[in-house]
Amino acid sequence: MLFAAIDIHKHAFQAAVLDPESGVVVEERFSADRESFARWAEPWRGRVAAVAIEATTGWRWVWRELVANGFDVRLAEPVQTRALLGRRRSAKTDRLDARWLARLLAKEMLPESWIPPAQIQELRDRTRLRKALAEDRRRWGQRLHAYLLHEGWPCSRSNLLRPPGLRWAAALRLSEHARLQVDSLLAVMAALQEQLETVDAELRRFAHGDERCQALQSIYGIGPILACHLLAEIGEARRFAPGSTGRGQSDRKRRADPDRRSRRLLAGKSCRPRLGRHLHQRHHLHTPRRPRSHRLHPNRLLRQPGLQGLNKRTRRDLCRTSNEPRQQRVCIGQMTGRSSRLRANEPI
């Protein structure tokens, strides 16, 4: 069983085919076009179990061509793939990257990314195009706002993105050069607005006929446009089901197997609880709480009626005397001229 990997770049592809039994790696470098790619894939059709490619720019058409030729394609997550490699001690080359992908695929350690269906991919293209058009229109509106401010026509920035603000900017009395600049900015914003309305109409039609978007719109505050954005980015919600991660599976196994602790002890494995959010709770179970201190502080005397007139030095001397052993007594009247007494270490 052979495993292949392709390191995708803009102008050239680096392919590596690994035989896990013998360790032989067949490498080939070819141009990043459909003809060269088809010539490489033809002799390996039916012989390669799976092909790994990284989720970088240009992976989509490579994935479509491989699926059309009958290959099982695995999309690798680039960040996690590099993390598994650790600190690189040698130079980073396309040959080493392709070999590393093939090795991870053969050992079933390849961190995979979710490949959305064709419908979700097309919806992502439209929603992300709408986001880019809206951001570009906002940027050109900011340029128009700044230019009008330079010309001595201040206005609200948000009003320039609305029809009344655009009509106001078009009707201003400006110089010939300023009018040329403003008309150019308004023309660009009008073209972006036209494309934005076209994309919005397509998304509204899609949301009207899709059951998933209808379910999302039942949530307060979610309209057809936002529902399309959520569906495009989330995709299949089943991949976020509870228990799909390792932590959820281990929790279920622990609850379903009460003898797991005893078997781990017999096998010589540690059963110590993990240090997590319950560490402070276990600490308080075994450590007695410290008694609350009743030592006097000079500022505490200011809260007692009749003692607000003491200066700072008198309050410091009073607290130093009252914080002595419990058998001693201190007379406040000797310092303040009052007849009240204070027991040492007793809160005021």
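Would you mind stating whether Gln195 is without any contact (Cβ under 8 Å) to a residue 24 or more places away in the chain and either touching a helix residue (DSSP H, G or I) at 6+ places or on another chain (Cβ under 7 Å) or among the polar types (S, T, N, Q) (or both)?
Answer is no for this residue.
Restricted to the stretch 112-155, and to residues that are within 22 Å of Pro224 (Cβ to Cβ) and polar (S, T, N, Q), which residue is farthest from the chain's Cα centre (by Cα)?
Per the criteria, the residue is Gln119.
Filter the stretch 135-171 for residues that are assigned to a helix (DSSP H, G or I) and among the polar types (S, T, N, Q) and give the result.
Once the filter is applied, which keeps residues that are assigned to a helix (DSSP H, G or I) and among the polar types (S, T, N, Q), the stretch 135-171 yields Gln142, Ser158, Asn159.
Could you tell me whether any residue of the stretch 157-176 is in contact (Cβ under 8 Å) with a residue 40 or more places away in the chain and surrounded by 12 or more Cβ atoms within 10 Å (Cβ to Cβ)?
Checked against the condition, which is being in contact (Cβ under 8 Å) with a residue 40 or more places away in the chain and surrounded by 12 or more Cβ atoms within 10 Å (Cβ to Cβ), the stretch 157-176 yields no hits at all.
Of the residues in the stretch 14-48, how many are part of a loop (DSSP other than H, G, I, E, B) and either within 37 Å of the chain's Cα centre (by Cα) or of a type in the set (Ser, Thr, Tyr) (or both)?
Selection size over the stretch 14-48: 4.
Of the residues in the stretch 86-116, how many are farther than 16 Å from Ala4 by Cα and either touching a residue at least 24 places away in the same chain (Cβ under 8 Å) or surrounded by 13 or more Cβ atoms within 10 Å (Cβ to Cβ) (or both)?
Qualifying residue count, the stretch 86-116: 4.
Looking only at the stretch 51-60, which residues are in contact with a helix residue (DSSP H, G or I) (Cβ under 8 Å, 6 or more places away or on another chain) and either assigned to a helix (DSSP H, G or I) or surrounded by fewer than 19 Cβ atoms within 10 Å (Cβ to Cβ) (or both)?
Ala55, Thr56, Arg60
Name the single residue that is nearest to the chain's Cα centre (by Cα) among those in the stretch 61-85 being surrounded by 15 or more Cβ atoms within 10 Å (Cβ to Cβ) and β-branched (Val, Ile, Thr).
Residue satisfying both the conditions and the ranking: Thr81.
Residue under question is Arg64, and the condition is that it be touching a residue at least 12 places away in the same chain (Cβ under 8 Å) and within 24 Å of Ala118 (Cβ to Cβ); does it hold?
Taking the combined requirement at face value, the residue does not satisfy it.
Taking the stretch 1-10 on its own, how many of its residues are of a type outside the set (A, V, I, L, M) and either more than 31 Å from the chain's Cα centre (by Cα) or in a strand (DSSP E or B) (or both)?
2
Does any residue of the stretch 123-134 turn out to be part of a helix (DSSP H, G or I) and either among the polar types (S, T, N, Q) or assigned by TED's automatic domain parsing to the domain that holds Ala32 (or both)?
yes
The values are calculated or read from the model by the stated rules, or taken from the named source; none is laboratory data. These numbers come from a predicted model, not from an experiment. Neighbour counts run over all protein chains shown; Cβ positions are idealised from the backbone, glycine included.
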